[in-house]
């Protein structure tokens, strides 16, 4: 299985544990403040990004949806509002994030519509051809083995089903690139560390974005994993991207 630069980016380089173990612990530690930090550090723009990503599934009207790296279930909840599928399942390796997500689902009375489970993107505990659609928002950077995760998601997707990946990218316009680099290195890291109490988490965010295969390179990875009709849509001057592919 091919390795990528981002596969080696971990929250703590001195920690000898596998990436997924470190990532799970990192998210457990910031779970209670994760939603606040997302809204604060993105000025709420991330909600619009998520909605645009979810609408890429409107054409197939999925009845069953899997949200990988669901975290606090933001994507799952928005997908229920926008797409109204019969069943949404969210999986994540962080018990702390799932606990926070479950509280949100309960407060909205969506227990019958959305189910959250502890799960690993590289070994998804569902049979082949289980879901009409799959979403992943800001999660593929955290996969320890990217190719394996993409292949596994294709396995559980039904023929004719669609995957939608939302992920940060590095802007290329000179002025935007300069501001973005400053913001990620200084503002986001500093404010994230202050409010979350975890300095490593927001350093990891910046470093994993820098190392992640993006744009045409990630589209090629989707194709290599067996997806067809792949495409990429850039958002907000290249700060974020939506990647899609069909089975």
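Nothing in this text is a laboratory measurement; each read-out follows from the coordinates by a stated rule. These numbers come from a predicted model, not from an experiment. All Cβ positions, glycine included, derive from the backbone under ideal geometry; neighbour counts span all protein chains shown.
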- [ ] Return the single residue from 137, 53, 211 with maximal mean-square fluctuation; model: Gaussian network over the chain, springs between Cα atoms under 10 Å.
- [x] 211
Task: Fraction of antiparallel bridges per DSSP, the chain only, in percent to nearest 5 - done: 40 percent
TODO: Grab the DSSP H runs of the chain that are 4 residues or longer, score each as -39,500 (n - 2.57), total them, divide by all residues and round the 222 nm result to the nearest 500 deg cm²/dmol.
DONE: -12500 deg cm²/dmol
Task: Cα-only Debye scattering, the chain: base-10 log of I(q)/I(0) at q = 0.10, 0.11, 0.16 Å⁻¹ - done: -0.43, -0.53, -1.23
Open item on the list: Of the candidates 216, 24, 69, which one comes out as most mobile in a Gaussian network treatment of the chain with C-alpha springs shorter than 10 Å?
Closed with: 216
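Considering the convex hull of the alpha carbon atoms of segment 38-137, report its projected area averaged over all viewing directions, in nm², one decimal.
If I average the Cα hull's projected area over directions, I get 6.3 nm².
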Open item on the list: Sorting check: for 108-117, 13-22, 125-134, which peptide has the highest mean count of neighbouring beta carbons within 10 Å, and how do the rest follow?
Closed with: 125-134, 108-117, 13-22
TODO: Would you mind calculating the gained length between residue 151 and residue 81 on full extension (0.36 nm times residue separation, minus the Cα-Cα distance), in nm to one decimal?
DONE: 22.4 nm
Open item on the list: Cut-off 10 angstrom, C-alpha nodes, Gaussian network model of the chain. Which of 121, 208, 59 fluctuates the most?
Closed with: 59
